[in-house]
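> Here you go, one structure.
The values are calculated or read from the model by the stated rules, or taken from the named source; none is laboratory data. As the structure is a prediction and not an experimental result, all values here were calculated from the model. Note: ideal-geometry Cβ built from the backbone for every residue, glycine included; neighbour counts use all protein chains shown. Please note that ligands, DNA and RNA were not included when accessible areas were found on the heavy atoms of the full protein model with its side chains. Shrake-Rupley method; radii C 1.70, N 1.55, O 1.52, S 1.80 Å.
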Amino acid sequence: MNSGPIKRLLSPFTGFIPVEKLIASSGHRFILPFWHAVSDVPLPHLSQLYRVPTVSEFERDLDFLLKNYKPASLEDVFRLANNNGKSNQNLFFPSFDDGLAECYHVIAPILKKKGFQAAFFINPAFVGNKMLFHRLKSSLLLNSFTQIKPSGIKSAEQLIQKHFPNKNIHQFLHKAKFTDHLLLDGIAEIFGLNFELFLKLKQPYMNLQQIKELQADGFLIGAHGMDHREFFLSSEDEILEQISTSMEFLIREINPPVNTFAFPFTDSKVSNSVFEKANTDRLWDLSFGTAGIKDETMKNHLQRIPMESGVNKDGKKVIRTEYIWYYLKSVFGKNKVRR
């Protein structure tokens, strides 16, 4: 079920119920909000994917969280993961995906100023700007449209329709998958975009030294798959290979105190057998999904709340909407994760 339209309808009504009442009625006193980047300057490689909060918006969201929850420590997270996230006090633990450069330059200094811990989940293939995430390629291509001649757009559409006869270029770029990366490169060549040069000049990702500095500052570094491919389009063997190789990189290069893995995109279509295999083989100590506030029964697995809503610039509304949406799901027995 696509929850986006329903959440858009719920959002205007979220301010009428006190936050504490929403928290108490759900039983979810421990929440895990997550972001990707924070920036006061436009980021064309992200702008078509999600809304990037400004520094002031991000700090406002953190202030709201600090007003209603206490920051959780790494020890709290590990303890609560063994209790299906059930807490007797209001706690929050923030995290940040994809290892983007803003994590080091913008986000970490704010977190240190506020004085609490957080997790940063990285994709080894992107560390040091060796490779560009396929969705970032799509965003760059979509943002270049105003500079491309009609003949160039027509050539790109002809290329796409050799593979996807029923899609136009906008449909393709908004839904491009990992398996489309060569086609994205072909469109970039037509458009005159050089992804390698973008990586070199803009350096959108953190390098290994910066990541190690974050760990030295007390932040948790976790894995996020090797190259952020869609697990819901991958076989179980491919998923386990992505998990194991990214965790091997993490342990070899970072050696964090707790081995954690955050599923790229979503864990909703990942089978129980993948979790069972990962737990049996001790591929991780903890893992994380992106289903928002939901009852999770999987061992050592916690669900996080996406904060970069296209609907709300206010994180307070995002959190409130999640609680109301959880309540509505519970009425219809949809509040539990089922795989």
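> Can you tell me the dipole magnitude for segment 28-98 around its Cα centre, using point charges on the Cβ only (Lys, Arg +1; Asp, Glu -1), in Debye to the nearest 20?
The dipole of segment 28-98 has a size of about 380 debye.
> Follow-up. About the Cα centre of the chain, how large is the charge dipole given +1 on each Lys and Arg Cβ and -1 on each Asp and Glu Cβ? Please answer in debye to the nearest 20.
1100 debye
> Report in % the part of the accessible area of segment 11-150 that belongs to carbon and sulfur, leaving out ligands and nucleic acids; probe 1.4 Å.
The nonpolar share, carbon plus sulfur, comes to 56 percent.
> Then there's this: Can you find, among Val274, Pro256, Phe288, the residue farthest towards the positive end of the dipole of segment 251-297? Put +1 on the C-beta of Lys and Arg, -1 on that of Asp and Glu.
Checking the options against the dipole of segment 251-297, the answer is Val274.
> Defining a contact as two alpha carbons under 8 Å apart and six or more residues distant in sequence, what relative contact order in percent does segment 186-319 show?
Dividing the mean separation by the residue count of segment 186-319 yields 18 percent.
> In Å², what does the accessible area per residue of the chain work out to with a 1.4 Å probe?
That works out to 46 Å² for each residue.
> Say R0 is 22 Å: what FRET efficiency, to the nearest 0.05, do Asp185 and Leu208 get from their beta-carbon distance?
0.30
> What per residue convex hull volume, in Å³, do the alpha-carbon atoms of segment 49-89 yield?
Working: hull volume 4.6 nm³, N = 41.
With only Cα atoms used, segment 49-89 gives 111 Å³ per residue.
> How far apart, in nm, are two points set 7 Å out from the Cα along the Cα-to-Cβ line at Lys112 and at Gln158?
Going by the 7 Å Cα→Cβ label model, 5.4 nm.
> Using Cα-Cα distances under 8 Å and only pairs 6 or more residues apart, what relative contact order does the chain have, in percent? Please report the intermediate quantities before stating the final value.
Values: 537 pairs, mean separation 78.9, N = 339.
Relative contact order for the chain comes out at 23 percent.
> Here are some values of volume of the Cα convex hull per residue in Å³: (i) 198; (ii) 123; (iii) 140. Which one was computed from this structure?
Matching the structure shown: (iii).
> Would you please put 28-35, 82-89, 154-161 in order of how densely packed they are, using the mean number of other Cβ atoms within 10 angstrom per residue and starting with the highest?
Descending mean neighbour count gives 28-35, 154-161, 82-89.
> Does anything in segment 29-43 have its amide N under 18 Å from the 7 Å Cα→Cβ label point of Asn88, and if so which residues?
Residues 29-31 qualify, since their backbone N sits under 18 Å from the label point.
> If you don't mind, another one. Which of these, Ile169, Ile211, Ile148, has the largest mean-square fluctuation under a Gaussian network model of the chain (Cα springs below 10 Å)?
Looking only at Ile169, Ile211, Ile148, the biggest GNM fluctuation is shown by Ile148.
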